[in-house]
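The structure appears below as structure tokens.
Values quoted throughout were computed directly from the atomic coordinates according to the rules given, and no laboratory measurement underlies them. Treat the numbers as computed from the prediction; the structure is a model and nothing was measured. For neighbour counting, all protein chains shown are included, and Cβ atoms are generated from backbone atoms with ideal geometry for every residue, glycine included.
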Amino acid sequence: MNEASLPPSGRAARVRIGARVASTVVLAAVAAALLVWIAERPGLRARADWTVGGRNTLAPASRSVIERLAGQVDIDVFFTPLGDALGPIGSEVQSRTLDLLVLLRDSGGGKIRIREHDLRTAVGKDAAMARMQELSLREIVPGGVLVVSLGSRRAVLRVRGDLADIDPGDPLGQFGPPRPPKVELFRAEEALVSALLQVGEGETLRVSFTSGHGEPDLEGVGLPGLSELRAGLLGSGYEVDRWNGERNGKIPDECAILAIVGPEQPFTPLEVEAIRDFVAGGGRLIVAPGQSSLAGEGGSAALLLPYGIRIVTDGVVAAPRATISGQPLTGVAECALVRVWSGGMSGSSLVTEALRRADRYVDMPFARALVRSATPPGGSVLTILSTGDEAWRDLDTPGTGHDWKKTPEEERGPFALGMTAVLPPTRASERVRDAAQPETRIVCLGSAGAFTNQSSEVDGDLVLAAFDWAGSRDFRVHVNPKSQVSRRIDVASGSALANVYLFAVLLLPGLSLALGGFTFWRRRRR
């Protein structure tokens with residue numbers, strides 16, 4: 001053997017080996033970066049969902065909405081513990097939602113950006129508060145919310161009621177055998193895609209608020225003002241302006257919804273005629289009477305009477321106040337703040353359906369009772385808010401006012417505090433938005449106070465839902481919910497037990513034995 005055939009040694013050998021190792025590391029890093037880049041290219045990426053329920057596959061309707069997004073959508077995640085016995089259930093919903101958000105982002109081709117805010121640290125809270133201010137989000141409810149936004153438009157989704165229906169159960173067994181809380185229905189994909197549709201494709205509608213009759217100030221920032229409602233409407237894609245019949249005359253064709261909120265003086269005959277013509281041509285109404293009775297012509301009650309809803313102008317609906325001792329309290333002005341719980345909400349109306357699912361409540365301060373009147377041919381009226389039996393209609397005694405105490409002559413509940421009416425238009429108009437099914441929609445809430453800044457924290461979602469329903473802005477996309485798949489094998493059904501035996505007792509040991517024999521044979525040949 002000559003010296004040329006000997007392997008290199010010394011410093012040159014170490015340099016050569018080092019160069020080889022370095023080049024291998026560089027090539028591996030380049031290959032890894034290239035693979036990551038390819039994985040991030042939607043057009044070069046192939047995905048396969050092998051889960052039983054297809055949890056990692058978006059519905060066709062979801063993909064269609066994402067493909068049509070015209071701009072980049074931000075989804076801000078503000079998750080907090082749901083609290084008490086619902087804590088583990090809330091964590092389950094949040095975890096599944098985060099998985100879904102990743103799937104939405106990966107399917108969006110760069111159109112969807114996710115921001116998860118850390119509310120556990122001081123720095124994270126400061127950043128979250130700054131972002132909440134940008135989004136006009138005043139608070140985070142237990143469990144947290146998602147805010148879907150595109151430009152100035154935004155939609156807020158709550159963990160409980162929007163992303164999932166949660167049964168609180170009865171862990172202590174107060175009403176029978178103990179029942180743990182559970183997720184009845186996980187609907188996050190449907191809720192998120194509907195929100196994407198709302199902020200990305202929702203038509204801009206004009207809402208005109210009546211003015212000149214003592215209505216609350218549309219820009220007022222005090223408790224009686226409507227600035228919070230105005231901001232919410234603008235954030236939901238509405239245009240907002242005022243209409244004064246004495247100055248403006250006819251209601252413009254561009255007006256989709258006329259809001260009559262809290263008038264304290266009657267409308268003039270000219271204004272009444274304009275409103276009647278607006279409704280006859282398929283216009284939409286939101287009505288809430290003021291504190292003045294306005295029982296005569298030109299009042300809110302007279303305006304609504306031909307459309308199947310009668311406002312009872314005599315008396316204010318009241319209810320006992322709860323006390324710490326549990327003894328109901330009457331005789332105080334706070335009785336005029338009537339609380340309607342989820343059991344008093346209609347589950348068949350889009351105005352109250354989500355609130356009922358989430359077990360929410362609304363407040364109706366100084367509300368008038370509503371009853372059905374003669375419904376026009378082809379029309380229908382639905383009660384969407386009702387009090388309990390404990391309520392009564394407190395009458396105004398001349399000279400003394402309300403005493404907020406039940407008396408024999410005062411009517412007892414339940415009372416309707418919210419109604420909707422659907423009517424066929426009586427004349428052709430450019431205002432009719434759906435030529436296939438033209439209709440007039442009317443929402444009446446018995447309390448104008450529910451629209452004010454003072455009640456916006458509790459009643460804001462109800463009021464915005466009323467506007468969306470009146471404007472036919474139903475952004476819901478139907479997506480079949482995916483249930484949480486059980487990972488247990490039911491060996492008692494079908495051929496499951498035989499398959500487990502074949503795989504665990506025969507195939508795996510047999511494969512191990514075959515590999516061992518092959519390895520032994522290879523080593524013996526060397």
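Shape verdict for region 169-259, please, from the Cα gyration tensor: rounded (a/c under 1.5), prolate (a/b greater than b/c) or oblate. Prolate is the answer for region 169-259, as a/c is 1.5 or above and a/b outweighs b/c. For the chain, a Kirkwood hydrodynamic radius built from all Cα pairs, placed in the Stokes-Einstein relation at 4 °C and 1.567 mPa s, yields a translational diffusion coefficient of 47 µm²/s. If you take the Cα centroid of region 60-85 and the Cα centroid of region 357-378, the two points sit 32 Å apart. Considering only Gly446, Gly471, Val199, and ranking their Cα positions along the charge dipole of the chain that arises from unit charges at the beta-carbon of Lys, Arg, Asp and Glu, the one farthest toward the positive end is Val199.
For region 311-317, what does the Karplus curve 6.51 cos²θ - 1.76 cosθ + 1.60, with θ = phi - 60°, yield as ³J(HN,Hα) per residue in whole Hz, taken in order and with x for Gly and Pro? Values per residue, Gly and Pro as x: 8, 7, 7, 8, x, 10, 5 Hz. With the highest mean first, a sort of the peptides 101-108, 28-35 on other beta-carbon atoms found within 10 angstrom per residue produces 101-108, 28-35. Whole-Hz Karplus values for region 185-197 come out as 8, 9, 10, 5, 4, 4, 5, 5, 5, 5, 5, 4, 5 Hz, taken residue by residue from phi with 6.51 cos²θ - 1.76 cosθ + 1.60 and θ = phi - 60°; glycine and proline positions read x. Once you sort the root eigenvalues of the Cα gyration tensor of region 60-199 as a ≥ b ≥ c, which label holds: rounded (a/c under 1.5), prolate (a/b larger than b/c) or oblate (the other case)? Oblate. Expressed per residue, the C-alpha convex hull volume of region 134-289 stands at 182 Å³. Its alpha carbons considered, region 231-309 gives a radius of gyration followed by a Dmax of 12.7, 37 Å. Once you have a ≥ b ≥ c as the square roots of the Cα gyration tensor eigenvalues for region 282-347, tell me rounded if a/c is under 1.5, and otherwise prolate or oblate according to whether a/b is larger than b/c. Oblate, since a/c reaches 1.5 and b/c is not below a/b. Each peptide among 338-351, 12-25 gets the average number of other Cβ atoms lying within 10 Å of its residues, and from highest to lowest they stand as 338-351, 12-25. Highest mean packing comes first when the peptides 113-119, 281-287 are listed by Cβ atoms within 10 Å, giving 281-287, 113-119.
Over region 318-472, the fraction of Cα-Cα pairs per 10 Å bin, rounded to whole percents and listed from the shortest bin up, is 10, 35, 31, 17, 6, 1. For region 203-470, the convex hull spanned by the alpha carbon atoms encloses 136 Å³ per residue.
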